[in-house]
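Written below as structure tokens is the structure these notes are about.
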Amino acid sequence: MDEATRYMGIALEEAEAAFQEGEVPVGAVIVKQGTILSRAHNAVERSKDPTAHAEMLAIRRAAEVLGGWRLSGCDLYVTVEPCAMCAGAIVLARIERLYIGTPDPKSGACVSLHQLATDPRLNHRVELFTGILEQECRQQMQLFFRRLRRE
């Protein structure tokens, strides 16, 4: 198993935790030089905080661990393509590489609707890798929304 698959698997574990809590199942992991700095999952419903996306929580925790807001040299693994808020935070935090499980055609801001992470007009660009465990990430989202529609 390669590194990207391994860390995306951990992000999927976080997404599963979100699923079990009734949150949209998105998980994120931040890694620097082979060390996991933080891992998180969506907590919007539980925290009543619209910014409590997996990526935002993981970025905050990684910044605490490193003692600064610049996450240079860090890689972020996220099960679903980040929204505009999260993509902006990824750029501002200077994340080096972003690994995305599945695209989000309705609100994805890195590949699908917008390309914020690679926009040459911004002061930082993130190297993107997509399709890491894509089928597993997509299935988890589909299962969650199927269940939500039934309830």
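The values are calculated or read from the model by the stated rules, or taken from the named source; none is laboratory data. Note that the structure is a prediction, hence the values are computed from the model and not measured. Note that each Cβ is placed from the backbone with ideal geometry, even for glycine, and that neighbours are counted across all protein chains shown. Accessible surface is based on the protein model in full, side chains and every heavy atom, while ligands, DNA and RNA are left aside. Shrake-Rupley method; radii C 1.70, N 1.55, O 1.52, S 1.80 Å.
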Unique match (being assigned to a loop (DSSP other than H, G, I, E, B) and either open to solvent by less than 80 Å² (accessible area, probe 1.4 Å) or within 20 Å of GLU151 (Cβ to Cβ) (or both)) among VAL29, VAL24: VAL24
Odd one out for VAL78 among (1) over 21 Å from GLU14 (Cα atoms); (2) of a type in the set (A, V, I, L, M); (3) not in a helix (DSSP H, G or I): (1)
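For LEU133, state whether it is more than 22 Å from THR5 (Cβ to Cβ) and either out of contact with any strand residue (DSSP E or B) (no Cβ under 9 Å at 6 or more places or on another chain) or open to solvent by 30 Å² or more (accessible area, probe 1.4 Å) (or both).
It is false that LEU133 is more than 22 Å from THR5 (Cβ to Cβ) and either out of contact with any strand residue (DSSP E or B) (no Cβ under 9 Å at 6 or more places or on another chain) or open to solvent by 30 Å² or more (accessible area, probe 1.4 Å) (or both).
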Cβ-Cβ under 6 Å pairs, at least 6 apart or on other chains, the range 80-96 side within 14 Å of PRO50 (Cα to Cα) and at pLDDT 95 or above, far side hydroxyl-bearing (Ser, Thr, Tyr) and open to solvent by 10 Å² or more (accessible area, probe 1.4 Å): CYS83/SER107
Those residues of the range 116-130 which are over 24 Å from TYR7 (Cα atoms) and open to solvent by 90 Å² or more (accessible area, probe 1.4 Å), in sequence order: PRO120, ARG121, ASN123
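Given the condition over 20 Å from ILE10 (Cα atoms), open to solvent by 10 Å² or more (accessible area, probe 1.4 Å) and in contact with a Cys (Cβ under 6 Å, 6 or more places away or on another chain), answer yes or no: does some residue in the range 66-73 qualify?
Residues of the range 66-73 that are over 20 Å from ILE10 (Cα atoms), as a first pass: 66-70, 72.
Imposing the further condition that a residue be open to solvent by 10 Å² or more (accessible area, probe 1.4 Å) reduces the set to 66-70, 72.
The next check asks that each one be in contact with a Cys (Cβ under 6 Å, 6 or more places away or on another chain); those that pass are none.
No, that holds for no residue.
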